[in-house]
Each structure stands twice: as structure tokens, then as C-alpha cells.
Amino acid sequence: MRTANYAQRDQAAQVVFYVPLWKRKGISLELFDDYWRNVHGPVCARLPGQYQYWQLHVAHNEGGIWPAIEGIDYSTPEEDQFDGIAELTFKTPEDRQTWFQASTILMDDEHNLFRKAIGYNTNPGNSITYVDGIENGTPNGVAGVEKFHVLVKKADGVSTDDFRHYLTDSFAPAVIKSELVLKMRSHLFEEVDNSRPDAAGVSHFEPPQQQYQAAFEIAFSNRLEMEQFFASDAYAAAVKDQAKYIKQISPFPERTAYTFVYSGQITLAGQRSSTVAELITRIGAANQIKEDIISLMNGSAKPTQKGKISTQTAKAYIQNGIQSTKSGLGHLLQGVQHVGVTVEDMEKSLEFYTEVLGGKLAVGESELIGDLIQNTLFQKEELDAIAEGINSEILDIPNLRSGRKDALDVKFISFGNIVVELIYFREVGNPNAPHSSVKSLPSHIGHVNAMHISFNVKEGIDLSEFANIFEEECHKRGMNNVVCNRIIHVNSEAERKAVAHHYNSFKFWNEPGLLAAEAPPIDWSKDPMEGWSLFYCKGPNGEQLEFNQVTRKVKTRFQEALQEYNQANNTSFTFPDANVSQNTLDNGQGFKTSDVQVQSQTQYST
């Protein structure tokens with residue numbers, strides 16, 4: 001059953017190169033699979049231009065699964081039974097052409113495992129992911145779902161335009177109405193370019209009568225839900241009049257899938273091969289993704305006389321297929337998530353940012369009070385007052401702690417490529433207060449602390465551990481004013497430093513060990529902000545900064561708001577969805593992960 005939709009992560013890919021592949025005779029299927037994913041795939045992954053590159057290993061279409069409709073052929077002749085599909089996506093047609101020009105190096109390798117490779121192209125906008133409830137967009141093996149790659153031939157006498165309109169305007173919308181459908185992605189193919197030269201022993205030619213005009217990928221959580229869908233009203237509506245437009249449907253069950261490029265970045269499988277990536281992940285070999293090993297394997301570092309690897313830093317990462325050895329934490333971020341604005345009148349501010357400027361309300365919270373929020377936002381100011389012997393009660397900061405004076409309301413407004421947070425301090429118990437309870441708001445840029453910038457940390461990284469290495473990285477550079485607030489009350493800088501690391505960030509979910517023994521767990525199930533987490537800190541100039549993560553329920557809210565904004569304004573902004581899986585950060589000396597998967601978008605063809 002589909003409970004989330006990650007289709008947004010494929011939006012940046014505008015065109016596709018889709019290649020059914022036939023195993024060479026004389027080698028076993030096992031050898032074909034192993035060579036393709038462990039030898040050929042990593043070579044292809046290093047070619048320029050790709051946004052995503054998946055290898056889809058499929059079984060033959062033996063029939064017996066897809067419900068038959070009179071007038072449609074569901075059988076696939078033996079000579080048309082292929083064994084895999086290489087799907088490469090590109091952000092522009094120019095990127096695809098760049099890849100084509102570089103791909104001649106693959107020709108010499110094709111004859112080792114293929115006897116036939118037929119390349120289908122799609123034009124901009126003709127490869128669409130309608131829904132995708134599969135959380136992991138970078139598979140490396142069995143996906144754990146029932147998935148089919150379905151090749152389609154249009155009916156004789158039907159125009160290409162009518163055939164395409166049927167698939168996009170009738171079939172696909174009807175299919176995705178059912179939440180039993182976990183994923184639906186479609187491709188509308190152009191005619192095969194038969195002028196493409198054959199490789200040695202590998203045919204690239206497909207007669208027009210044997211070519212497919214479309215394909216779609218459909219997935220279900222399990223066989224039971226698949227059968228329920230085929231028996232549903234949604235499916236009956238989807239296939240109504242289908243025989244008028246389609247003459248052949250060939251569903252190929254997916255055996256396994258592998259990701260070598262994603263969001264323009266080479267994956268661990270692309271760097272080291274699928275099997276090595278799996279072994280590193282299974283055994284938890286964090287040392288294998290450290291900079292010295294990566295540099296050695298990529299030929300960018302040489303052993304010293306003592307047998308050690310000569311490197312410049314303790315961290316390394318792969319971005320856009322290029323090795324980087326710069327110090328810092330940029331590789332753990334995915335841009336600025338939002339800018340916060342403290343407002344005096346929430347009602348007027350909402351009207352201005354949504355009605356005048358056209359932003360879309362993503363999510364909001366009202367009446368935030370208590371120790372947790374007070375410590376998160378204002379601990380630095382209170383500690384400074386304690387150090388100077390000033391009673392914190394007389395400080396010119398909101399008092400959220402008592403729950404009797406001030407309260408905080410926040411609203412997040414999406415503008416597609418960035419979010420604006422409206423911050424409103426008001427009197428407790430007065431949700432319609434006409435004015436802020438804050439005495440005054442700076443009106444010019446000379447007061448640098450009136451706003452804050454929030455940086456979006458990738459999913460999979462523990463935000464509390466990130467706070468530790470962030471502070472250490474800054475202090476190492478002499479930026480000693482960079483200190484991160486804790487979420488529990490402390491009376492000195494020494495106490496703040498001694499706090500257990502899991503108190504470094506405010507997480508909008510119940511995490512074991514975080515709640516005090518006497519405190520009941522918070523019910524986040526109905527809270528729209530479930531999945532949000534953050535910590536506040538000061539920048540080197542005293543500017544207010546935030547680091548946050550947007551996951552779970554609240555992530556879906558922001559994705560929906562972004563999609564609504566795109567539809568309303570004819571824009572194509574994409575939601576940042578990078579993920580560093582099973583990640584641990586260790587004392588600022590690097591990060592440990594059993595596998596690094598950057599979830600974005602990349603395309604491959606073979």
C-alpha cells in the first residue's frame with residue numbers, strides 16, 4: 001500500500017535513454033548478471049552527463065500474471081525475450097548527447113556480455129514518474145517489492161498522438177488512483193535510430209514492426225495487493241477501451257536492480273562495483289569509504305614509504321563523479337532550506353507572502369512554549385547573562401519557558417526553490433493577537449540578528465552528532481563564537497559542553513533516551529511537524545544560524561507545497577532528497593557509514 005510519494009526526486013531528469021539488453025549466448029545468466037553489474041556498470045558510471053543510471057535485471061515474460069483483454073497479445077516470442085534494461089536519465093538533451101559522444105568506449109565491452117542492445121530515446125517530458133512509494137531510490141539488489149517493466153506496442157491504425165494521449169490522459173491517471181499501486185513510471189519512445197552502428201557481435205538494429213512505442217514500470221508491495229489491484233474498479237477503468245490503442249503488452253518481472261549514478265553523483269556501487277558495495281554495507285566496513293581508501297582505489301593517491309596513503313584531509317567524497325578532498329562539511333549539506341523572518345503581525349505577513357507574492361503554506365505550528373523551545377532558541381543569550389551576573393528574567397528576549405507570558409507561532413511558506421519561515425512571538429492564550437509581544441523589531445540590515453538562515457542536513461546523518469563535529473570544525477579554525485544550543489537547561493558553558501550529545505538537537509519525534517524519566521512521551525502522530533529536527537547556533541559574527549532535517553511526515557508536506565507552487569507558477573523546482581544511509585559521525589574526524597547513497601537523480605543507459 002502506498003503511504004508516501006517520492007516521485008519528486010525524478011523530476012529533474014527530462015530525457016531518458018532506455019536500453020533492453022539480450023544476454024550473449026554461451027554464458028550463464030549468473031555470469032551475465034555479475035559481469036554487467038560489477039565490471040561494465042562501473043565503467044559506464046564514469047562517463048559524463050548522466051543524472052541517474054540504473055541496471056534493471058529482469059526475468060523473461062512467461063505470461064500468466066497480467067489479466068488478459070481480448071484483442072491484446074501478452075506473449076513475447078523467444079527472440080524478443082531480453083534479460084536486462086539499462087535506464088539512464090539526463091537533465092537535458094545536451095547532457096545525453098555528451099554521454100553518447102563519450103560512450104564509444106563501451107562498445108569494446110558490449111560483446112563480452114550482450115548479443116543485442118536496442119536503444120530507445122524519450123523527448124523532454126515524455127518520461128514521467130507519476131507516483132513512487134518506494135523509499136529507497138538507489139537499490140543495490142532485490143528491491144523487496146513486486147515490480148514489472150512493461151513494454152507496449154501501439155495498435156495498428158492508431159496514430160502515435162492518440163496512443164500517447166491514451167497512456168498519459170487515461171491509463172496512467174486511472175492506475176494511480178489506486179493506493180495499491182506502489183510505483184508508476186512511464187516512457188514514450190521515439191523510433192529507434194537504426195543508423196547506430198553495431199558493435200562487434202552486438203546488434204543495435206530493430207525492424208520497425210518489432211519496436212515498442214512505450215514502456216511503464218509498475219510496482220506493488222506484494223502479490224496479494226497486485227491481485228487486489230487487478231480485481232479493482234481502478235484497473236477496470238484504466239483498461240477500458242485499451243484494445244483500441246494497444247496491440248501487445250509484454251511485462252518483464254524485475255529480478256534485481258542496481259544504481260550506479262544518482263542525482264548526478266556516482267554511487268558506491270559505481271565506484272567499486274555492486275558486489276563490493278554490498279559487502280562493504282553488510283559488514284559495516286566504514287574504513288572502505290574513507291578518503292585514503294577512495295583515493296587509492298581511484299588512483300589519486302600513492303602509498304608512502306611507510307606504506308600509508310598520502311592524503312590531505314580526513315574526509316573525502318564523490319560529487320558529480322569527481323573526487324574532492326577539501327576540508328569542511330559541505331558534502332553533508334544540500335543547500336539552504338529556509339530563511340526565517342520575525343514578524344510583528346502574523347495575519348498581514350501571511351497575506352503578504354502567500355497572496356501578494358504567491359507562496360504556498362507548507363506547514364505551521366502554534367503556541368510553542370516550555371523549556372525545550374526556550375533552550376533551543378535562546379540558551380546562548382541566557383548563558384551570556386549568567387556569565388555577566390544579569391538576571392535572565394530582565395533580558396529583552398521572549399519568555400517561552402514559563403508558559404504564562406510569551407508563545408511562539410511559526411508558518412513555513414514555500415517558494416519552490418526556498419522556504420520562508422514566519423516567526424511570531426505573541427501573548428500566551430491570544431492566538432489572534434494583533435501585534436507581537438516583542439518590544440521592537442529591527443528595520444534595517446545594521447541589526448544582523450533579526451533573521452536566521454537554516455542549512456539542510458542530509459537524511460541519515462544524526463543531527464546531534466553533526467552538531468558536535470560542526471562546533472569542533474569551527475573551533476579548530478578559531479571561530480570560538482560558534483556554539484550550539486542544547487535542548488535542556490544548563491547554568492554554565494561547562495555544563496553545556498558536558499551535556500550528552502543526544503540533547504544537541506530538538507527532534508519532533510520520540511527518540512529513546514531523550515525524554516526525562518518523569519516526562520510522558522509526546523504524541524507526534526497527529527502533529528504536522530512530525531519528522532522535523534533542528535539545532536540553533538551562532539555564526540562567527542553573532543548571526544543566528546540553524547541546521548535542520550526534514551523527514552517523515554513533514555517532508556511530505558513540504559514536497560506537496562513545492563509541487564503546488566510549481567503547478568501554480570509553471571516552475572520546475574525539485575525537492576532536495578539526498579540521503580547518507582546508516583551514517584555515523586565520529587568526533588569530527590570523518591564520518592562512518594556502511595554505505596553512502598546520495599539520493600537525487602542520475603541516468604545511465606548500459
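The values are calculated or read from the model by the stated rules, or taken from the named source; none is laboratory data. Values in this document were obtained by computation on a predicted structure and should not be read as measured data. Please note: Cβ atoms are built from the backbone with ideal geometry, for glycine as well, and neighbour counts cover all protein chains shown.
Tabulated values for the structure
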item: Test: residue in the stretch 249-262 that is under 27 Å from F470 (Cα atoms), crowded, with 17+ Cβ neighbours inside 10 Å, under 27 Å from the mean Cα position of the chain (by Cα) and at pLDDT 90 or above; result: yes
item: Selection from the stretch 338-392 of residues that are among the charged types (D, E, K, R) and closer than 21 Å to N430 by Cβ; result: E344, D345, E347, K348, E351, E365, E367
item: Selection count where residues are without any contact (Cβ under 8 Å) to a residue 40 or more places away in the chain and in contact with a strand residue (DSSP E or B) (Cβ under 9 Å, 6 or more places away or on another chain), scope the stretch 101-131; result: 0
item: Residue in the stretch 583-600 that is crowded, with 19+ Cβ neighbours inside 10 Å and modelled with pLDDT of 90 or more present; result: no
item: Of all residues in the stretch 476-489 being surrounded by fewer than 20 Cβ atoms within 10 Å (Cβ to Cβ) and closer than 30 Å to P528 by Cβ, the one that is nearest to the chain's Cα centre (by Cα); result: I488
item: Hits in the stretch 160-180 - residues which are of a type outside the set (D, E), in a loop (DSSP other than H, G, I, E, B) and out of contact with any helix residue (DSSP H, G or I) (no Cβ under 6 Å at 6 or more places or on another chain); result: I176
item: Residue selected from the stretch 206-229 under the condition exposed (fewer than 15 other Cβ atoms within 10 Å of the Cβ) and in contact (Cβ under 8 Å) with a residue 60 or more places away in the chain, by the criterion farthest from R185 (Cα to Cα); result: Q210
item: Which listed residue, of I85, I128, I134, is of a type outside the set (G, A, S) and in a loop (DSSP other than H, G, I, E, B); result: I134
item: Criterion: in contact with a Leu (Cβ under 9 Å, 6 or more places away or on another chain) and closer than 30 Å to D241 by Cα - qualifying residue of P67, P20, P77; result: P20
item: Answer residue from the stretch 489-538, given it is of a type in the set (S, T, Y) and more than 17 Å from F466 (Cβ to Cβ) and is modelled with the highest pLDDT among those; result: S492
item: Any pair with Cβ under 7 angstrom, 6 or more apart, that starts in the stretch 52-67 at a residue that is closer than 15 Å to Q248 by Cα and in contact (Cβ under 8 Å) with a residue 12 or more places away in the chain and ends at one that is surrounded by 23 or more Cβ atoms within 10 Å (Cβ to Cβ) and of a type in the set (G, A, S); result: N61/S250
item: Residue match in the stretch 404-411 (condition: free of Cβ contacts under 8 Å to residues at least 12 places away in the same chain and more than 30 Å from A568 (Cα to Cα)); result: no
item: Neighbours by Cβ (under 8 Å, 6+ apart or cross-chain): first from the stretch 471-487, part of a strand (DSSP E or B); second of a type in the set (A, V, I, L, M); result: C484/A467
item: Complete set of residues in the stretch 196-205 that are out of contact with any helix residue (DSSP H, G or I) (no Cβ under 7 Å at 6 or more places or on another chain) and either surrounded by 15 or more Cβ atoms within 10 Å (Cβ to Cβ) or of a type in the set (S, T, N, Q) (or both); result: S203, H204
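One line per residue, one yes/no per condition, for (1) outside any strand (DSSP E or B); (2) within 22 Å of I85 (Cα to Cα):
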position	(1), (2)
N194	yes, yes
P197	yes, yes
E206	yes, yes
Y212	yes, yes
A219	no, yes
E225	yes, no
A234	yes, no
